[in-house]
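As structure tokens, the structure follows; a few thoughts come after it.
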Amino acid sequence: MKILVTGGAGFIGSALIRHVIRHTGDSVVNLDKLTYAGNLESLAEARFSPRYAFERVDICDQVQVERVLREHQPDAVMHLAAESHVDRSISGPAAFIETNIVGTCSLLEAVRQYWQTLEGVRRQAFRFHHISTDEVYGDLDAQGLFTEQTPYAPSSPYSASKASSDHLVRAWQRTYGLPTLVTNCSNNYGPCHFPEKLIPLMILNALEGKPLPVYGRGDQVRDWLYVEDHARALYRVLTGGKIGETYNIGGHNEKRNIEVVQVLCALLDELRPLSANPAVRDAMRARGLAGGHYRELITYVQDRPGHDLRYAIDASKIQRELGWVPEETFESGIRKTVQWYLDNPEWVTNVKSGAYQQWLDQHYTTRMLSP
């Protein structure tokens with residue numbers, strides 16, 4: 001099988017591609033615009049595989065998407081390309097509307113036209129898998145879980161744009177018969193996560209002795225899912241899911257944000273103690289801190305507008321119907337994550353400096369880089 005993955009240079013998309021190349025015999029075409037959060041260094045190991053190809057294309061560019069479909073002839077599309085940061089959506093919602101709604105519509109039309117050219121078994125076996133978020137459901141109080149039947153109640157421009165794209169995908173299935181699948185996942189974490197998100201931001205800020213900004217009192221609850229577990233689930237849904245169905249994917253790991261930050265600080269105390277990081281320790285002491293533990297850097301800041309209190313996923317459907325369960329606990333996954341950032345300072349430096357764009361220019365042809 002050949003899979004076209006949109007947004008394959010992003011955090012979840014790159015994990016998915018690594019999973020496919022490592023653990024299956026399938027081929028992958030990575031279609032990515034390469035915005036600020038798209039990083040091909042996260043796919044360095046896949047670059048040499050004969051089962052991997054890259055196309056620098058914006059999903060809003062329907063003509064180019066149609067070309068990619070025509071040239072590569074995929075058997076499935078997994079749609080992950082999206083603007084995904086809630087804070088950015090609050091300060092600049094237009095980009096989220098353009099990519100997540102208009103881009104999804106454009107992609108759906110290109111895929112529908114391509115699918116209609118397929119015949120026989122290929123047409124019957126084709127799938128369009130749309131990857132979404134649990135944020136479309138809004139938030140929960142202290143009890144209850146999001147199920148596949150939970151009504152949509154998005155709170156931010158980001159979640160509203162993803163809710164819109166979910167509805168578009170279902171409409172294309174109902175109206176045109178396009179064989180679609182939808183998954184909604186809880187908060188992901190793991191290797192190769194862009195540093196604007198909570199967990200990598202806290203790790204990297206701590207290692208540099210910067211404040212660890214926590215919204216409000218950090219009481220917001222999230223269900224944390226290790227990204228490699230998510231990649232396994234996505235492939236399981238693509239290959240075994242029922243057309244027209246939605247599957248919620250969660251890690252069964254509810255944690256308050258402040259708990260997550262405290263766990264990260266404790267792990268860093270163990271794995272990179274401040275005694276081995278004297279520049280940071282001394283800088284902390286100069287600011288009046290004791291300089292003994294990373295938790296001293298925790299700083300509470302004003303909560304963001306419309307901040308949802310609690311997300312929690314009921315993932316029983318995917319377990320019951322497809323046999324997927326997460327392999328990582330939060331404790332095992334978060335330790336792997338911290339260790340990965342400690343072991344890969346060059347990846348971090350390049351992402352922050354933009355040097356990976358130079359790497360891109362060195363390793364890919366002009367045609368592949370053309371918009």
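Couple of notes before you dig in:
- Amide H contacts under 5 Å for MET78, placed H, 5+ residues apart: LEU4, VAL5, THR6, HIS129
- Helical content of the chain, expressed as a calculated mean residue ellipticity at 222 nm, amounts to -13000 deg cm²/dmol (DSSP H runs of 4 or more residues, -39,500 (n - 2.57) each, divided by residue number, nearest 500).
- The modelled label-to-label distance between GLN149 and ALA276, using points 7 Å beyond Cα along the C-beta direction, is 5.2 nm.
- Taking amide H atoms as placed 1.01 Å from N in the peptide plane, the amide H of ASP303 lies under 5 Å from those of GLY216, each 5 or more residues away in sequence or on another chain.
- Computed FRET value (nearest 0.05) for LYS2 with VAL63, which takes r as the C-beta separation and R₀ as 22 Å: 0.55
- The angle between the Cα long axis of helix 104-117 and the main principal axis of the chain comes to about 30°, on a 0 to 90 degree scale.
- Derived scalar couplings ³J(HN,Hα) [the range 38-48; Karplus, 6.51 cos²θ - 1.76 cosθ + 1.60; whole Hz; x for Gly, Pro]: x, 9, 6, 5, 5, 10, 4, 5, 7, 4, 8
- Between GLN339 and GLN73, full extension at 0.36 nm per residue minus the direct alpha carbon distance yields a gain of 91.9 nm.
- Under the Karplus curve 6.51 cos²θ - 1.76 cosθ + 1.60, θ = phi - 60°, whole-Hz ³J(HN,Hα) for the range 227-235, x wherever Gly or Pro sits: 4, 6, 5, 4, 4, 4, 5, 4, 5
- Between 0 and 90 degrees, the angle of helix 257-271 with respect to the longest Cα principal axis of the chain falls at about 70 degrees.
- Nonlocal amide H pairs with TYR247, under 5 Å, H built at 1.01 Å: VAL182, THR183, ASN184
- Dipole of the chain [Lys/Arg +1, Asp/Glu -1 at C-beta], most positive-end residue of LEU69, PHE96, THR337: LEU69
- Cross-link table LYS2/LYS242; LYS197/LYS255; LYS162/LYS210, entries beyond 21 Å C-alpha to C-alpha: LYS162/LYS210
- Exposure proxy ranking, count of Cβ atoms within 10 Å, fewest first, for HIS193, HIS167: HIS167, HIS193
- Highest-fluctuation residue, PRO74, PRO93, PRO305 considered, GNM on the chain with Cα pairs under 10 Å: PRO305
- Sequence-distant contacts, meaning Cα pairs under 8 Å at least 6 residues apart, place the relative contact order of the chain at 18 percent.
- Mean separation of Cα pairs under 8 Å and 6 or more residues apart, divided by the residue count, gives the range 245-298 a relative contact order of 32 percent.
Rule-based calculations on the coordinates, nothing more; no lab input. Computed from a predicted structure; not experimentally measured. Neighbour counts are summed over all protein chains in view; Cβ atoms, including those assigned to glycine, are modelled from backbone coordinates with ideal geometry.
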